[in-house]
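Down below is the structure, laid out as structure tokens.
None of the figures in this text is laboratory data; all of them are computed from the coordinates on show. These figures come from a predicted structure and were not determined experimentally. Ideal geometry is used to build each Cβ from the backbone, glycine not excepted, and the neighbour counts take in all protein chains shown.
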Amino acid sequence: MTKEQTKDIMKINTSFNFNLSLDYILTCFMPFLFAMLVIFDFPPNIRRADYSQLGNTVINGLVILFFCITAVYFFKRFQWSIRNVLACLFVAGFFVYQSVHTYSGQFQFSVSTALTALLICEFLLLDTFSKLKVFHYFRKIMVVLLFLGILVYGMRMLLGTGLFEKAYFYSKVLAAHGYYYLHFSHFYILEGGYVSRMCGPFNEPGVVGTFAALLLIADQFNLRKIGNLILLVAGVLSFSLAFFILCAGYVVFCAITEKRKDLLAMIMVGLFLLVYLLPYLRSVNPVVDELAARFEISGKGLAGDNRTNRAYDAFFAVYMQTEERWLGLGTGVNDRFGATLSYKDLIIDYGLVGFACLMLGLLLLPMAGKWGERKCIYFVLLFLISIYQRPNVMTLSYLALLFGGVEYIFARSMEMSDAEASVPLWLSEQPAGLPFSGLKE
């Protein structure tokens, strides 16, 4: 072999290795970039123009930039399966109906609405491997953000309020009852109740509690992972009613289907103590006081169910006796009651028919081809239960959690069922020539 031939072979090998490395970097970086889009879709306080106009503008610019980059890269990876296309049509139909069926009677369709729909459809059209990578990075980023939130919460508890600035709470209704934020940088703590409640970088503790619970459920409460321990601690420190109910619901589902009578007995005893004894344990310490207040049952229901007000409940009771209850009054009618977060919002806006269609779509589309896996069914049902207090789920963050979580659970079940597999099955479908990257912690 001549020197010239040897040089040519070395150039070919160098070019091949460079292309392989570039493909590998893009395969890891692009899902991470899209996971950042999922994070930016949340309503964190940094996006609130009232607190940081510059931060809001910068994030909006990054969203557009990241969307363009990821859309160009992932276009060739789009999977035009019947399920994915139907999911996109479902999302498009929702936003069109939301824009046409309005309380004011005027067509309401903005650039931000179109961008939200495009971002959701981009995620839904991704192949399974890319969805899993996006979900993986999304979970990692959430763990990091909540870990920082826990550190800030610890500073509040140990060092007092000297390092924190005070800001008004986003809900004027609750702000009128004495609720406010303490924040250090862009990490917030809700004050004004029995105990300080961790918000992390988000606008309320309920966001932390809901997502922490569902991410734990997706990973089947594997507390051997440090990330899951962080999610657990963050959920507890949020004192979110949703966190405790979703976690308890998962345990109940597992106990019933696995016929664990001992576990069911423990659950029943725990519920009895929680509902009937905890409200009487007042003034023991602030933590018990907060839990007692949120789980106390009165003639109006569970005290922690504070997503509506009297005027809203009275309006809903009258509304349910009218003919408009079938198709709804249209988008925007709930604005008159201030900040409310309840499944009733969906019924008022879209009617019982629209509410039923939305619930069926969120149940059937993620579960297509996965009805044999019980853990997927638990996850989707608990996601639907969370709509009771968090109805605004037609966003990128919630749908990435729903569809990505189902894919993650299903892939894990397939991996566990294949005892001879040396790597997770969802990684065996990655593009040829790419080294094993690993999704495990």
*asked:* If each residue of separation counts as 0.36 nm, what is the full-extension length gain between VAL85 and MET359 once their alpha-carbon separation is subtracted?
replied: 96.8 nm
*Are any of the pairs LYS76/LYS370; LYS133/LYS225; LYS225/LYS370; LYS140/LYS225; LYS166/LYS344; LYS76/LYS131 more than 21 Å apart by Cα-Cα distance, and if so, which?*
LYS76/LYS370; LYS225/LYS370; LYS166/LYS344
*Distance in nm between label sites at TYR180 and ASP313, each 7 Å beyond Cα in the beta-carbon direction?*
2.8
_Karplus-derived HN-Hα couplings along the range 178-184 (A = 6.51, B = -1.76, C = 1.60, θ = phi - 60°), whole Hz, x at Gly and Pro_ = x, 7, 7, 9, 10, 9, 10
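Arrange the following residues from fewest to most other Cβ atoms within 10 Å of their Cβ: VAL380, VAL144, VAL208.
In increasing order of surrounding Cβ atoms, one gets VAL144, VAL380, VAL208.
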*Separation between the PHE95 and SER171 pseudo-spin-labels, each 7 Å from Cα along Cα→Cβ, expressed in nm?*
2.8
_Please rank ASP41, ASP313, fewest neighbouring Cβ atoms within 10 Å first, as an exposure proxy._
ASP313, ASP41
*With label points built 7 Å along Cα→Cβ from the Cα atoms of ARG336 and SER110, find their separation and express it in nm.*
2.2
*P(r) of the range 186-251 over all Cα-Cα pairs, binned every 5 Å from zero, in whole percent*: 4, 21, 28, 24, 14, 7, 2
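What FRET efficiency comes out for LEU327 versus THR128 if R0 is 41 angstrom and r is the Cβ-Cβ distance? Round to the nearest 0.05.
Step by step, r from the Cβ atoms, then E = 0.65.
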*With r as the distance between the Cβ atoms of LEU65 and LEU158 and R0 = 35 Å, compute the FRET efficiency 1/(1 + (r/R0)^6) and round to 0.05.*
0.35
*For the range 104-192, state what percent of all Cα-Cα pairs lands in each successive 5 Å bin, counting from 0 Å until the bin that includes the largest distance.*
3, 11, 13, 11, 12, 13, 15, 12, 8, 2, 0
*How long is the gain from LEU352 to LEU384 if the chain were fully straight, where each residue apart is worth 0.36 nm and the alpha carbon distance is subtracted?*
10.0 nm
*asked:* Please report the spacing between the Cα centers of the range 348-396 and the range 81-134 in Å, no decimals.
replied: 15
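Could you work out the relative contact order of the range 366-416? I mean the mean sequence separation of Cα pairs under 8 Å and 6+ apart, divided by the number of residues, in percent.
Numbers: 24 pairs, mean separation 24.6, N = 51.
Relative contact order, the range 366-416: 48 percent.
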*Work out the FRET efficiency for CYS254 and TRP371 from their Cβ-Cβ distance, taking R0 = 25 Å, and round it to the nearest 0.05.*
0.90
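Relative to the Cα centre, what is the charge dipole magnitude of the range 57-175, using +1 at the beta carbon of each Lys and Arg, -1 at the beta carbon of each Asp and Glu, and rounding to the nearest 20 debye?
For this selection, approximately 280 debye.
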*Would you mind ranking MET320, MET155 by Cβ crowding within 10 Å, fewest neighbours first?*
MET320, MET155
*Starting from the amide H of ASN203, placed 1.01 Å from N in the peptide plane, find each other amide H under 5 Å away whose residue is 5 or more places distant or on another chain.*
ASN45
